[in-house]
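Have a look at the structure below before the remarks.
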Amino acid sequence: MMAIRDLDRTSWRRRRTSGWTLPTGLLCAGILLVNAVALGCSDDRALTVQRLSKDKGQAGDELVIHGSGFQSDGVKRVRVYFGNQQAKVKKFIGNDQILIEVPGGNNMGKTVDVQIIFEPGGAKQLAKAFKYIEISRLKVDDFENKKPGQ
């Protein structure tokens with residue numbers, strides 16, 4: 001009988017002094033869930049590639065890749081490919097743009113996929129996103145001092 005009374009007294013003391021508590025595991029899980037939801041809802045942190053500033057051009061043209069999360073977790077290394085040709089990355093413009101130079105190669109007249117590889121972050125692809133246009137090889141001489149029919 002004495003043991004039961006001691007047990008009741010001990011239990012009562014614990015309840016009275018500790019107040020309302022959550023088990024530690026449940027508290028940690030709740031904190032992690034709140035953080036995960038907050039991170040998932042933040043557009044600035046999500047790594048996305050949306051579009052190119054132009055969809056056709058020639059080797060040497062500059063264009064901008066638009067997206068988000070390019071530098072959210074610190075500076076990332078990035079490689080950009082037009083088909084199988086690597087483009088020159090000139091600079092990041094904030095967290096949502098990358099300025100690049102269109103690479104050369106034998107892609108004239110072709111429409112190519114553009115692949116952007118972030119380290120860390122993985123690869124993103126824009127399918128059939130850029131068309132190489134051919135530039136006419138006419139010279140100024142072809143237009144000067146020519147009479148009709150010559």
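Values quoted throughout were computed directly from the atomic coordinates according to the rules given, and no laboratory measurement underlies them. Note that the structure is a prediction, hence the values are computed from the model and not measured.
Listed values for the stretch 49-66 are Karplus-derived 3J(HN,Hα) couplings in whole Hz (6.51 cos²θ - 1.76 cosθ + 1.60, θ = phi - 60°), namely 10, 9, 6, 9, 5, 8, 9, 8, x, 9, 4, x, 5, 9, 8, 10, 8, 9, and x replaces Gly and Pro. Residue-wise HN-Hα couplings along the stretch 108-113, as the Karplus relation 6.51 cos²θ - 1.76 cosθ + 1.60 with θ = phi - 60° gives them from phi, are 3, x, 9, 9, 10, 6 Hz; Gly and Pro carry x. Would you give the gap between the C-alpha center of the stretch 113-128 and the C-alpha center of the stretch 55-77, rounded to a whole Å? Centre-to-centre (Cα) distance: 10 Å. Using C-alpha pairs below 8 Å separated by at least 6 residues, the relative contact order for the stretch 48-132 is 33 percent.
Starting from the Cα coordinates of the stretch 48-132, work out the convex hull volume and express it per residue in Å³. Each step should come with its number before you reach the end.
On the way: hull volume 6.2 nm³, N = 85.
Dividing the Cα hull volume of the stretch 48-132 by its residue count gives 72 Å³.
The phi torsions of the stretch 98-104, fed into the Karplus equation with coefficients 6.51, -1.76 and 1.60 and a -60° offset, translate into couplings of 10, 8, 10, 10, 5, x, x Hz, rounded to whole numbers, with Gly and Pro shown as x.
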